[in-house]
1. With a Förster radius of 22 Å, plug the Cβ-Cβ distance of residue 129 and residue 49 into 1/(1 + (r/R0)^6) and report the FRET value to the nearest 0.05.
2. Quick one: length gained pulling residue 2 to residue 36 fully straight, 0.36 nm per residue minus the C-alpha distance?
3. Sorting 106, 85, 46 on the 10 Å Cβ count, fewest up front, what's the list?
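Just so you know, all these numbers are worked out from the coordinates, no wet-lab data involved. Everything numeric in this text was worked out from a predicted model, so none of it was measured. Cβ sites come from the backbone with ideal geometry, for glycine too, and all protein chains shown count toward neighbours.
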């Protein structure tokens with residue numbers, strides 16, 4: 001199944017930025033009582049190569065589920081951060097003052113936090129050893 005026009009936030013839960021040209025292809029494999037969902041995401045703007053993820057589930061007919069009314073407001077859409085109608089979050093080029101926050105909070109070189117295919121492979125560890133590591137800040 002191929003999905004386009006993905007809602008902002010679907011991939012963002014993982015910290016990945018994406019745009020409206022991203023496509024998501026899903027594969028469902030059922031083997032006995034195991035369901036494996038494989039997703040392949042293409043984004044020509046933000047991803048230097050396709051993002052591949054898998055998730056497996058085990059069938060459990062005895063899984064207790066709460067009745068739908070028990071969730072109440074959890075099933076109602078609500079804005080996570082209230083903002084004026086039509087407001088678009090943005091930063092002018094090179095004006096984002098919080099972009100280094102993760103790097104500083106966890107003591108990870110800033111360049112490594114910018115991602116890309118290169119940072120996903122074991123060989124990148126050698127390059128990390130040559131980078132300046134910022135002191136970790138505790139909050």
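1. FRET efficiency, residue 129 to residue 49: 0.40.
2. Taking residue 2 through residue 36 to full extension adds about 10.6 nm, to one decimal.
3. 85, 106, 46
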